Amino acid sequence: MRTVKIAILAAVLVGLAGLVACNRDTDERQNTTSKALAGQQTAAQKPAEKPDADEGEEGEEGPATPAAVATEKPAPQQTSGKQFVYNFDSDTPGQLPAKCHAARTGSGAESKWAVMDDPTAPSKPNVVAQTSTDQTDYRFPLLIADVGSFQDLDLSVRFKAVSGSVDRAGGLVFRLKDPNNYYIVRANALENNYRLYRVVNGRRSQFAGANLKVTSGEWHELRVEAAGNKITCYYDGTKKIEATDDTFKDAGKVGLWTKADSVTYFDDLKVGAN
């Protein structure tokens, strides 16, 4: 009789153990399902990330609505063989060079261009310098030459990157319609690169470039040739960029360019119509 009671007790214990295990499995499955549903609800309720305000086409920079700029005064288109040289040596220190005017693409403080003496100038005694240190990133000071407009051209300048923490660059603009529409090739001493851009309605997009060493505090030469839609860019006499683009086909003005807080000196700006 005792043996029968023990067997019955053992069977009851085994049954209880099985029931407990079954309940535990059910609870775990319910918890897993609840967590999965909660995760789906959280993902569904999570708002989409806000896009960058300046983000547009691939490689394009700038505000969707460009800053207003003054209309450029017309300049006579130069015929093949016509050349001009700006060495700034006959200009008054502290003033803008003759037959040039200052402008700006983007926002921030106005540019600050002035002729100044520099004992290291390639052609002594004077250079022209952009000295404003406003750190607005999308800010491009321009010095535009008013002597004429050029379609096919050979354009060059000597430049020295002096300082700048946001940017430290110098460049040449050409086929400029106004401060929001032009081509620009520039060298950057912080990034060690050479880039060719189009600026359309105040928005900038790169379409060619090269990586190279750009030393601060030393004079270098930038040069660009434009013939039809072909653009060839040289750095210190060596061809670095060759590209084609049909954005600006007509003649336009030429000039100098910097970015943000770049303090940059320029000398011997030369342009010839081809």
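We did not get these values from a lab; they are worked out from the coordinates using the rules stated. Note that the structure is predicted; figures quoted are calculated from it, not measured. With ideal geometry, Cβ positions are generated from the backbone for all residues, glycine too; neighbour counts draw on all protein chains shown.
Things to note:
- Qualifying positions in segment 215-274 - more than 30 Å from S90 (Cα to Cα), under 22 Å from the mean Cα position of the chain (by Cα) and hydroxyl-bearing (S, T, Y): T232, T244, T247
- Counting only strands (runs of 3 or more DSSP E) wholly contained in segment 65-162, the ones carrying 1 or more residues that are among the aromatic types (F, W, Y), touching a residue at least 24 places away in the same chain (Cβ under 8 Å) and crowded, with 18+ Cβ neighbours inside 10 Å occupy 83-86, 113-117, 139-145.
- Look at (1) assigned to a strand (DSSP E or B); (2) without any contact (Cβ under 8 Å) to a residue 60 or more places away in the chain and you find that T215 fails only one, number (1).
So that you can scan it fast, the table gives a plain yes or no per residue for (1) surrounded by fewer than 22 Cβ atoms within 10 Å (Cβ to Cβ); (2) under 25 Å from E72 (Cβ atoms):
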site	(1), (2)
Y194	no, no
V200	yes, yes
Y234	yes, no
L256	no, yes
T264	no, yes
L269	no, yes
